[in-house]
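Report on the structure given below.
The values are calculated or read from the model by the stated rules, or taken from the named source; none is laboratory data. Computed from a predicted structure; not experimentally measured. All Cβ positions, even for glycine, are placed from backbone atoms using ideal geometry, and neighbour counts span all protein chains on display. Just the protein is used for accessible areas: all its heavy atoms, side chains included, with ligands, DNA and RNA removed. Shrake-Rupley method; radii C 1.70, N 1.55, O 1.52, S 1.80 Å.
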Amino acid sequence: MAEEAVSREQMEYDVVVVGAGPSGLAAAIRLKQLAAAAEREIGVCVVEKGSEVGAHILSGAVFEPRALDELIPDWRERGAPLSTPAREDRFLFLTQSRAFRLPTPPQMRNHGNYIISLGNLCRWLAQQAEELGVEIYPGFAAAEPLFDETGRVRGVATGAMGIGKDGKATERYQAGVELLGRQTLLAEGCRGSLTKILVERFGLRHGVDPQTYAIGVKELWEVSPSRHQPGLVVHTIGWPLDSATYGGSFLYHLEDRQVACGFVIGLDYENPYLSPFEEFQRFKTHPAIRPFFEDGRRISYGARALNEGGFQSIPQLDFPGGALIGCAAGFVNVPKIKGNHTAMKSGMVAAETVFRRLTGDDGASVRSALEQSWVWRELRAVRNIRPSFRWGLWAGLAYSAFDTYIMRGAAPWTFHNHADHTRLVPASQAQRIEYPRPDGKISFDRLSSVFISNTNHEEDQPAHLRLRDPAKAIAVNYRLYDSPEQRYCPAGVYEIVQADGSEQPYLQINAQNCVHCKTCDIKDPKQNIDWVVPEGGGGPNYPNM
Ligand SMILES: Cc1cc2nc3c(=O)[nH]c(=O)nc-3n(C[C@H](O)[C@H](O)[C@H](O)COP(=O)(O)OP(=O)(O)OC[C@H]3O[C@@H](n4cnc5c(N)ncnc54)[C@H](O)[C@@H]3O)c2cc1C
Ligand code: SF4
């Protein structure tokens, strides 16, 4: 390894950004805008583990354009891919056979917003960034943070390519590259792997609530013209989830007969037999939902975790040598089901702060700048809504109405969050859930789903899903929880199998199927699974998720 470190090429920048999502790209663009306005040269690069910008991006998405309006006011003239204004909101409560329309909560009203593919918006943002001189390197995963002798972050190293399963260099071997920055911005999105290291090293979560998460499973459909209503936004709560489990669905009608459909489930669920993937498949068969998909064609599939901790879970953002931005820190407004506008704004505010640091103001802090922004006010006002659902669906809805209409977001109390991995009950105390078999028309199995996520990983490489203590896979996960990773992983990566002639089951990890959703890193009850970056370019290849 020491030899490898010596032979790594080094490239120097003023700012290194990890992740070409909305937060990273907004930060890179803002930095270049500020430099141009001050007639200064600054070098900015963005590394992205997907094979291209957008390949790993998965969102809903109904997009609130507030941050984009501030970043690129003439985005319409520049052809930003925001072509479907949200026209109608429907909020439904489902029972097994019926759908009841509820009043749309104010946070979920989407007048003025757009239904978009976030992947396509990121591709467009990347073009804008490149026109301003940002260097973007897709296909390179940032694998380790680099520190100087004082312990300050001085950039990141991309992972070496061509290391075999056995840890030895193959004929494909190419050393990683050291991207050195005076400042490093981590924009890895929810549960970033380098973010996890720096949060731990610098104690960035000290004094705040644990971050909490949900998993979102999504499909993109091309529906028959008679079923397509561009601009329609449908959200459901209720069936197939029980009232103790937080979650619901979204159906967004985009342009070109496309409908984005997904199901989001809070990762604080308790029953180890719950399968988010199968809940989603079952949801599509509801009599009020199924007609949307009849005569249609499923185009794409994917999954991604999202933050739900909100205001009380925002960590310290600044560390020596850089800052966390976007969902790496966690700025999703859960009642709105939106994090893109806040992710972009956090990137822009961080860029402004970092620019000040580069020009000599060492005291500038991203956190205090963000505290003065609309992101802070927006998240603070809704901070109690998501935690109130721990009392169940009906109590949560009642509290949310009280908090919104009576307290107007100004309640003097703050509810706290609990880490998701602590929530599972032992399998012996949980009820098994029997899911219906997929019909292959509206509902599908995992493997045919992963197939259309275009996921690909080089097979001969070290596992990117690491068990800290391999024995716990059977001793704890299997014996106590009946191996919940078999069900919460939306890509069928984890399988309990029995070798021929052996009584002993073991955990088989089909790492090549991984869609990089990060759920296992979050939900494993003993935090025994570490997701680390595989070779750059591996993972899903989402077209326009
Ligand atoms: C199912 C679902 C539905 C959603 N719906 C909506 C919605 O309707 N409206 C809305 O506003 N928000 C929605 N969100 C939330 C929104 O998508 C996120 O808040 C937003 O994507 C966060 O942006 P980001 O830039 O922080 O991270 P991301 O969008 O996650 O981007 C991070 C990027 O960094 C890359 N990366 C990560 N680690 C590394 C590494 N080590 N090296 C190199 N590259 C790396 C990733 O590949 C990725 O491209 C939804 C999220 C989900 C999952
Ligand atoms: S292995 Fe983990 S990160 Fe990969 S798809 Fe499964 S749950 Fe998600």
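Residues in region 501-522: is at least one over 23 Å from VAL53 (Cα atoms), in contact (Cβ under 8 Å) with a residue 60 or more places away in the chain and more than 16 Å from ligand 1 (Cβ to nearest atom)? Checking region 501-522: not a single residue is over 23 Å from VAL53 (Cα atoms), in contact (Cβ under 8 Å) with a residue 60 or more places away in the chain and more than 16 Å from ligand 1 (Cβ to nearest atom).
State whether one or more residues within region 471-479 are within 16 Å of ligand 2 (Cβ to nearest atom) and in contact with a helix residue (DSSP H, G or I) (Cβ under 6 Å, 6 or more places away or on another chain). No, the conditions are met nowhere in region 471-479.
Take the residues in region 501-522 that are outside any strand (DSSP E or B) and more than 8 Å from ligand 2 (Cβ to nearest atom), then tell me which one is least open to solvent (accessible area, probe 1.4 Å). For region 501-522, the residue satisfying everything is ILE522.
In the set LEU465, LEU424, LEU393, LEU397, only one residue is touching a strand residue (DSSP E or B) at 6+ places or on another chain (Cβ under 6 Å) and of a type in the set (A, V, I, L, M); that residue is LEU465.
Residues checked against (1) out of contact with any Ser or Thr (no Cβ under 8 Å at 6 or more places or on another chain); (2) within 16 Å of ligand 2 (Cβ to nearest atom); (3) open to solvent by 20 Å² or more (accessible area, probe 1.4 Å):
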{"residue": "ALA27", "(1), (2), (3)": "yes, no, no"}
{"residue": "LYS32", "(1), (2), (3)": "yes, no, yes"}
{"residue": "ILE57", "(1), (2), (3)": "yes, yes, yes"}
{"residue": "ALA67", "(1), (2), (3)": "no, no, no"}
{"residue": "GLN96", "(1), (2), (3)": "yes, no, yes"}
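Can you say whether VAL382 is buried (at least 24 other Cβ atoms within 10 Å of the Cβ), modelled with pLDDT of 95 or more, hydrophobic (A, V, I, L, M, F, W, C) and more than 16 Å from ligand 2 (Cβ to nearest atom), as far as the supplied structure shows? For VAL382, the condition - buried (at least 24 other Cβ atoms within 10 Å of the Cβ), modelled with pLDDT of 95 or more, hydrophobic (A, V, I, L, M, F, W, C) and more than 16 Å from ligand 2 (Cβ to nearest atom) - is not met.
Residue by residue, here is whether (1) farther than 30 Å from ALA511 by Cα; (2) touching a residue at least 40 places away in the same chain (Cβ under 8 Å); (3) not charged (D, E, K, R) holds:
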site: ALA99; (1), (2), (3): yes, yes, yes
site: SER117; (1), (2), (3): no, yes, yes
site: ALA126; (1), (2), (3): no, yes, yes
site: VAL134; (1), (2), (3): yes, yes, yes
site: GLU144; (1), (2), (3): no, yes, no
site: GLY151; (1), (2), (3): yes, yes, yes
site: GLY167; (1), (2), (3): no, yes, yes
site: VAL177; (1), (2), (3): no, yes, yes
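Please determine whether any residue of region 347-357 is free of Cβ contacts under 8 Å to residues at least 40 places away in the same chain and open to solvent by 20 Å² or more (accessible area, probe 1.4 Å). Checked region 347-357: at least one residue is free of Cβ contacts under 8 Å to residues at least 40 places away in the same chain and open to solvent by 20 Å² or more (accessible area, probe 1.4 Å).
Results for (1) open to solvent by 40 Å² or more (accessible area, probe 1.4 Å); (2) within 15 Å of the chain's Cα centre (by Cα); (3) modelled with pLDDT of 95 or more; (4) small (Gly, Ala, Ser), shown as yes or no for each residue.
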position: GLY247; (1), (2), (3), (4): no, no, yes, yes
position: HIS286; (1), (2), (3), (4): no, no, yes, no
position: GLY309; (1), (2), (3), (4): no, yes, yes, yes
position: PRO315; (1), (2), (3), (4): no, no, yes, no
position: PRO320; (1), (2), (3), (4): yes, no, yes, no
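Selection over region 34-50 of residues that are under 17 Å from ALA187 (Cα atoms) and either among the small types (Gly, Ala, Ser) or within 16 Å of ligand 2 (Cβ to nearest atom) (or both) gives a count of 2.
Per the conditions (1) touching a helix residue (DSSP H, G or I) at 6+ places or on another chain (Cβ under 9 Å); (2) open to solvent by less than 30 Å² (accessible area, probe 1.4 Å); (3) on the phi < 0 side of the Ramachandran plot, the sole criterion not satisfied by SER300 is (1).
Looking at region 1-103, the helices (runs of 4 or more DSSP H) lying wholly inside it that each contain 1 or more residues that are under 25 Å from the mean Cα position of the chain (by Cα) sit at 22-37, 66-71.
Taking region 316-342, which residues are over 27 Å from LEU82 (Cβ atoms) and outside any strand (DSSP E or B)? Listed by number, the residues that qualify are GLN316, LEU317, PRO320, GLY321.
Kindly evaluate ARG282 against the criterion of being more than 19 Å from the chain's Cα centre (by Cα) and open to solvent by 10 Å² or more (accessible area, probe 1.4 Å). It is true that ARG282 is more than 19 Å from the chain's Cα centre (by Cα) and open to solvent by 10 Å² or more (accessible area, probe 1.4 Å). Checked against the criterion of being within 17 Å of the chain's Cα centre (by Cα), assigned to a strand (DSSP E or B) and either farther than 20 Å from ILE57 by Cβ or among the charged types (D, E, K, R) (or both), region 485-498 contains not a single residue that satisfies it.
The listed residues are ASP445, ASP469, ASP460, and the only one of them that is of a type in the set (Asp, Glu) and without any contact (Cβ under 8 Å) to a residue 24 or more places away in the chain turns out to be ASP445. Screening THR195, THR184, THR170 for residues that are within 16 Å of ligand 2 (Cβ to nearest atom) and either under 30 Å from ASN417 (Cβ atoms) or assigned to a strand (DSSP E or B) (or both) leaves exactly one candidate, THR195. Quick check on my filter: what residues within region 464-500 are open to solvent by 60 Å² or more (accessible area, probe 1.4 Å) and either within 16 Å of ligand 1 (Cβ to nearest atom) or small (Gly, Ala, Ser) (or both)? Those that are open to solvent by 60 Å² or more (accessible area, probe 1.4 Å) and either within 16 Å of ligand 1 (Cβ to nearest atom) or small (Gly, Ala, Ser) (or both): ARG466, ALA471, ALA475. The residue that is modelled with the lowest pLDDT, among those in region 499-530 that are of a type in the set (Asp, Glu) and more than 18 Å from the chain's Cα centre (by Cα), is ASP500.
You will find that of TYR542, TYR435, the residue that is assigned to a loop (DSSP other than H, G, I, E, B), at negative phi and within 15 Å of ligand 2 (Cβ to nearest atom) is TYR542 and no other.
Taking the listed residues GLY119, GLY155, the one that is in a helix (DSSP H, G or I), among the small types (Gly, Ala, Ser) and at pLDDT 95 or above is GLY119, with no other qualifying.
Does region 443-456 contain any residue that is within 30 Å of ALA157 (Cβ to Cβ) and more than 13 Å from ligand 2 (Cβ to nearest atom)? Looking through region 443-456, at least one residue is within 30 Å of ALA157 (Cβ to Cβ) and more than 13 Å from ligand 2 (Cβ to nearest atom).
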